[in-house]
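Student: A single structure is presented below for examination.
The values are calculated or read from the model by the stated rules, or taken from the named source; none is laboratory data. The shown structure was predicted, so the numbers you read here are calculated from the model rather than taken from an experiment. Using ideal geometry, Cβ is built from the backbone for each residue, glycine included, and neighbour counts are taken over all protein chains shown. Ligands, DNA and RNA are excluded from the accessible area calculation, which covers all protein heavy atoms including side chains. Shrake-Rupley method; radii C 1.70, N 1.55, O 1.52, S 1.80 Å.
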Amino acid sequence: MTYPNEAELLAKVPTQLFIGGEWVDGDEPAFAVNDPATGEELTKVANATPEQGIKALDAAVAAQDDFAKMPARQRAEILRKAWEILMERRDEMAMLMTLEMGKPLAEAQGEVNYGGEFLRWFAEEAVRVNGRYGQTPEGNGQMIVSKHPLGPCFLITPWNFPLAMATRKIAPAIAAGCTCVVKPASLTPLTTLFMVKILEEAGLPKGVVNVVTTRNTGGVSSPIIADRRLRKLSFTGSTGVGQKLMQEATQNVLRTSMELGGNAPFVVFEDADLDKAVDGVIAAKFRNIGQACTAANRVLVHESIADEFTQKVADVVKGYKLGRGTEEGVTIGPLVEQKAVDKVAELVDDAVANGAEIVVGGKRVEGPGSFYEATVLKNVTPEHKIFNEEIFGPVLPIVTFKDEDEAVRLANDTEYGLMSYVFTEDFKRGQRMIDLLETGMMGLNVGVLSNAAAPFGGVKMSGIGREGSHEGIEEYLYTKYTMTPNPFA
Ligand code: NAP
């Protein structure tokens, strides 16, 4: 891998709005994007006004009819070409994500692969949108069921996986024949801008994808959502903001997809292969510095193996190297901003004040940058705040249980239902967990399971809809039923 010089890379990344195929300045003063490892400014990006948000929607609306008519194979080729260009620029994209978001370079490389796969997967799905044909049961007609692009979409993405969260929405929209306005998180807009430049180079027609970056997030988003020409809102982010956007979306009865927060249980039964469970929990917890909606948030361990498991996990965590993600050997980068460090510190302090015990870590690291030590806590109970809230940081809380019933009760004791992990060598017990855990996804003896070919999404307050897989393109299509008379009657 040959990583680019930081200044040269930043000089290549667009920092303007992308509207109707043109790169344009924002009408408000540009805002800073900072490196969370140093607190220093990387660059400034355009700051859109509400009027510019509507201009972006105008462009998406103007491009919609022609784009829907473009043969699926052509749309597929554009996505495929974009994937090829991304793979050629993988080191640049990885470095850019590390700079603006903080994850270690090796993990950023992993995200280039994962995020890129949505381009390749949906290039393949674009040509497989099928309907159905049949006779009415009464024999009086023929029934045709067809699929059609929904129309202009508004896609809002978070900062934690800045590439994958964008391609997981943009690629199926393009594959289905929908145009869109994308609003990336203000903390990490550069990755999306760099990705959209790649789509432009791959031959995407003007106006199909438009990008607005803004500090006036609600002010720019609300008028787009309220506009009757919009047909779909797809959001990934916190449950609180998702609820607010769902309320706004009721105005025009918009189709919505909501990928929201999580509070994943990681259950280790007494019959688990302990070493595999340790590897699994390390990956499920510390990937992305704990800032993943799928992160193991509550580690539930059978009381008979809790001490041994805790020791093994602590031994790994003690070896972690904290630092800027661009440095060799760093495993724990910064949290995305100081506010995130404050939240993690508050949750740990509350648990410790109420009886939890720090095994490793447990402290914020003085600046520059927004760092918190990789931490293992034991003696955590369901009464602690940390059990009930999404931590979004490198803290692994261990809770013990006595039997399977208690494990299931604890695992489901949350309003969220995105991801669960179970480690057991008892096949029947694993099968029971598939039925009993209230979750959209489950890792049975694995700690990382995201894949472009898998339907990603949650139940309960973790959201509505699925991204990736065959289901992912359906979110951008509507079903039409047509009846014609029986030609033999
Ligand atoms: P967030 O604060 O909800 O922000 C997500 C996006 O929503 C950002 O682009 C943000 O823009 C925008 N936003 C905020 N307020 C808005 C408003 N009033 N109107 C329109 N847009 C608004 O979440 P986050 O802190 O970036 O991300 C962390 C959360 O995302 C966690 O809860 C995590 O679990 C969840 N997440 C879920 C999934 C999943 O697939 N289920 C995946 C990743 C993350 P600004 O940046 O400008 O504020």
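Student: Being assigned to a helix (DSSP H, G or I) and open to solvent by 30 Å² or more (accessible area, probe 1.4 Å) is the filter; apply it to region 220-230 and report the residue that is nearest to the ligand (Cβ to nearest atom).
Tutor: Ser222
Student: Sticking with this one: Quick check on my filter: what residues within region 408-435 are part of a helix (DSSP H, G or I), under 18 Å from Val459 (Cα atoms) and not aliphatic (A, V, I, L, M)? Break it down into steps so the answer makes sense when it comes.
Tutor: Residues of region 408-435 part of a helix (DSSP H, G or I): 408-411, 427-435.
If we keep only those that are under 18 Å from Val459 (Cα atoms) too, we end up with 408-411, 433-435.
Across region 408-435, the qualifying residues are Arg409, Asp435.
Student: Given the residues Thr256, Thr310, which is the only one that is in the same structural domain as Gly240 (by TED's automatic domain parsing) and not in a loop (DSSP other than H, G, I, E, B)?
Tutor: On the way: Thr310 fails: in the same structural domain as Gly240 (by TED's automatic domain parsing).
Within the list Thr256, Thr310, the selection yields Thr256.
Student: For the subset of region 348-385 comprising residues that are at positive phi and touching a helix residue (DSSP H, G or I) at 6+ places or on another chain (Cβ under 8 Å), which member is surrounded by the fewest Cβ atoms within 10 Å (Cβ to Cβ)? Before you say what the answer is, go through the steps one by one.
Tutor: The first filter runs over region 348-385 and keeps only residues at positive phi, leaving 355, 361-362, 369, 379.
Restricting the remaining residues to those that are touching a helix residue (DSSP H, G or I) at 6+ places or on another chain (Cβ under 8 Å) gives 361-362.
Details: Gly361: 22, Gly362: 20.
Once the filter is applied, the top-ranked residue is Gly362.
Student: Does any residue of region 28-46 turn out to be open to solvent by 80 Å² or more (accessible area, probe 1.4 Å), assigned by TED's automatic domain parsing to the domain that holds Arg229, over 30 Å from Thr331 (Cβ atoms) and touching a residue at least 24 places away in the same chain (Cβ under 8 Å)?
Tutor: Narrowing region 28-46 to residues open to solvent by 80 Å² or more (accessible area, probe 1.4 Å): 28-29, 40-41, 44.
Narrowing further to those that are assigned by TED's automatic domain parsing to the domain that holds Arg229: 28-29, 40-41, 44.
Subset that is over 30 Å from Thr331 (Cβ atoms): 28-29, 44.
Filter once more, so that each one left must be touching a residue at least 24 places away in the same chain (Cβ under 8 Å): 28, 44.
Yes, there is a match, as at least one residue in region 28-46 is open to solvent by 80 Å² or more (accessible area, probe 1.4 Å), assigned by TED's automatic domain parsing to the domain that holds Arg229, over 30 Å from Thr331 (Cβ atoms) and touching a residue at least 24 places away in the same chain (Cβ under 8 Å).
Student: Say we look at region 231-253 and pick out the residues that are within 13 Å of the ligand (Cβ to nearest atom) and of a type in the set (A, V, I, L, M, F, W, C); which of these is surrounded by the fewest Cβ atoms within 10 Å (Cβ to Cβ)?
Tutor: By that ranking, first place goes to Met246.
Student: Being touching a residue at least 60 places away in the same chain (Cβ under 8 Å), in a strand (DSSP E or B) and over 15 Å from Glu270 (Cβ atoms): is that true of Gly443 here?
Tutor: Yes: the conditions hold for Gly443.
Student: Determine, yes or no, whether Gly134 is more than 16 Å from the ligand (Cβ to nearest atom), farther than 16 Å from Gly472 by Cα and either without any contact (Cβ under 8 Å) to a residue 40 or more places away in the chain or not assigned by TED's automatic domain parsing to the domain that holds Leu57 (or both).
Tutor: In short, yes.
Student: Among all residue pairs at least 6 apart or on different chains, which show Cβ distances below 6 Å where the first residue, located in region 99-114, is over 12 Å from Pro162 (Cβ atoms) and the second is aliphatic (A, V, I, L, M) and assigned to a loop (DSSP other than H, G, I, E, B)?
Tutor: Partner pairs satisfying both residue conditions: Pro104/Val330.
Student: Can you report the number of residues in region 180-217 which are within 17 Å of the chain's Cα centre (by Cα) and either away from the ligand (no atom under 16 Å from the Cβ) or in a loop (DSSP other than H, G, I, E, B) (or both)?
Tutor: Total meeting the criteria: 5.
Student: Oh, and also: Among the listed residues Phe427, Phe401, which satisfies the condition of being without any contact (Cβ under 8 Å) to a residue 24 or more places away in the chain, more than 16 Å from the ligand (Cβ to nearest atom), over 23 Å from the mean Cα position of the chain (by Cα) and not assigned by TED's automatic domain parsing to the domain that holds Lys147?
Tutor: Sole residue among the options that is without any contact (Cβ under 8 Å) to a residue 24 or more places away in the chain, more than 16 Å from the ligand (Cβ to nearest atom), over 23 Å from the mean Cα position of the chain (by Cα) and not assigned by TED's automatic domain parsing to the domain that holds Lys147: Phe427.
Student: Next question. Test of understanding: among Ile391, Ile434, which residue is at pLDDT 95 or above, open to solvent by less than 10 Å² (accessible area, probe 1.4 Å) and closer than 27 Å to Met258 by Cβ?
Tutor: Ile391
Student: Here's another thing I want to ask about it. Have a look at Phe154, Phe118, Phe122 and point out the one that is assigned to a strand (DSSP E or B) and surrounded by 24 or more Cβ atoms within 10 Å (Cβ to Cβ). Outline the logic, then answer.
Tutor: Working: Phe118 fails: assigned to a strand (DSSP E or B); Phe122 fails: assigned to a strand (DSSP E or B).
The conditions single out Phe154.
Student: Taking Asn130 as meeting all but one of (1) open to solvent by 20 Å² or more (accessible area, probe 1.4 Å); (2) out of contact with any strand residue (DSSP E or B) (no Cβ under 9 Å at 6 or more places or on another chain); (3) not in a helix (DSSP H, G or I), write down the number of the exception.
Tutor: (2)
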